[in-house]
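Novice: Handing you this structure, nothing more for now.
The values are calculated or read from the model by the stated rules, or taken from the named source; none is laboratory data. The structure presented is a predicted model; accordingly, all values stated were derived computationally and were not measured. Virtual Cβ from ideal backbone geometry, glycine too; neighbours counted across all protein chains shown. What goes into the accessible areas is simple: the full protein's heavy atoms, side chains included, and nothing from ligands, DNA or RNA. Shrake-Rupley method; radii C 1.70, N 1.55, O 1.52, S 1.80 Å.
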Amino acid sequence: EKQTDFRIRSYGRTELAQLYNPASKAAYRKLVGWIDHYPGLAVRLAELGKLPGSRSYTPAQVREIVGALGEP
């Protein structure tokens, strides 16, 4: 089992995306694709205050993303 330093906090959208896709220049687009693909995740993030064009994720939103996708 790998050790991780990841913690739930506010993240910029690109910052979080690059944790999931460190080698990708399109990391944010990939993360958005995964969020849209995971059943109900985009709706849950919107319920937690995520607006189109938001440039960051709140700790509550990060918790939802990690709950759905796993830790980066």
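Novice: Under a Cβ-Cβ cut-off of 13 Å, what is the net charge of the residues other than Arg44 that fall near it, where Lys and Arg count +1 and Asp and Glu count -1?
Specialist: Numbers: positive: Lys50, Arg63; negative: Asp36, Glu47, Glu64.
Value of the local net charge: -1.
Novice: To continue, here is another question. Keeping the other protein chains in place, figure out the carbon and sulfur percent of the accessible area of the chain, with a 1.4 Å probe. Spell out each step's value before the answer.
Specialist: On the way: 2540 of 4900 Å².
C and S atoms contribute 52 percent here.
Novice: Placing +1 at every Lys and Arg Cβ and -1 at every Asp and Glu Cβ, with all other atoms neutral, what dipole size does the chain have around its Cα centre, in debye to the nearest 20?
Specialist: 220 debye
Novice: Can you compute the helix-only [θ] at 222 nm over the chain? Use -39500 (n - 2.57) per DSSP H run of at least 4 residues, normalise by all residues, nearest 500 deg cm²/dmol.
Specialist: Numbers: 4 runs with 37 residues, N = 72.
Estimated from H runs of four or more residues: -14500 deg cm²/dmol.
Novice: Please work out the average accessible area per residue across the chain, using the 1.4 Å probe convention, and give it in Å².
Specialist: Working: 4900 Å² over 72 residues.
On a per-residue basis, 68 Å².
Novice: Still on this structure, please answer the following. Given the chain, what whole percent of its Cα pairs are spread farther than 21 Å?
Specialist: 17 percent
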